[in-house]
Every structure is written in C-alpha cells, then in structure tokens.
Amino acid sequence: MTRTIAQGTFDILHPGHVHYLEDAASYGDELHVIIARRENVTHKAKPVLADRQRRDMVAALDVVDEAHRGHP
C-alpha cells in the first residue's frame with residue numbers, strides 16, 4: 001500500500017484544492033492531508049476559517065482518506 005501526503009491551508013475550499021487533492025490521490029492507494037494550523041500560516045493572511053472547520057471540509061471529500069491538523 002502506498003500512502004500519499006498532501007498539505008495546505010485550504011482556507012475557503014475551492015475547485016483548485018479539489019483538483020490538487022485528486023491529483024495527489026492518483027499517486028497512491030491512500031491520501032492523507034495535513035491542514036496548516038492557523039498559527040503556522042506566515043506566508044499569507046491568516047485563515048478565515050478555524051483549523052477544525054478546514055480539516056472537516058477536507059475530510060468530507062471522497063478522495064481524502066484522512067485529514068489531520070498540522071503540528072503545533
């Protein structure tokens with residue numbers, strides 16, 4: 001079994017995110033996604049949505065096997 005990992009902020013989920021995750025999933029049997037915690041986002045504006053909301057939205061996608069919040 002091959003696990004694939006994708007990561008991102010995923011603040012306000014949009015079609016580009018879905019295409020990115022579908023592409024990532026095509027490289028393995030299982031897709032795990034790491035959602036950046038708000039306090040770790042330093043390269044752009046802080047996320048509008050809370051960490052858990054963003055994780056829940058990503059986890060709801062069929063292509064995602066597991067979604068996790070990033071390391072604090």
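Details
- Residues in segment 19-45 that are under 17 Å from Arg69 (Cα atoms), open to solvent by 90 Å² or more (accessible area, probe 1.4 Å) and part of a loop (DSSP other than H, G, I, E, B): Thr42 only.
- Qualifying residue in segment 3-18 (condition: surrounded by 13 or more Cβ atoms within 10 Å (Cβ to Cβ), in contact with a helix residue (DSSP H, G or I) (Cβ under 8 Å, 6 or more places away or on another chain) and among the hydroxyl-bearing types (Ser, Thr, Tyr)): yes
- Among all residues of segment 45-59, there is at least one that is in contact with a helix residue (DSSP H, G or I) (Cβ under 6 Å, 6 or more places away or on another chain) and basic (Lys, Arg).
The values are calculated or read from the model by the stated rules, or taken from the named source; none is laboratory data. All of these numbers come straight from a predicted model, not from anything done at the bench. Using ideal geometry, Cβ is built from the backbone for each residue, glycine included, and neighbour counts are taken over all protein chains shown. We work out accessible area using only protein heavy atoms, side chains counted, and drop any ligands, DNA or RNA first. Shrake-Rupley method; radii C 1.70, N 1.55, O 1.52, S 1.80 Å.
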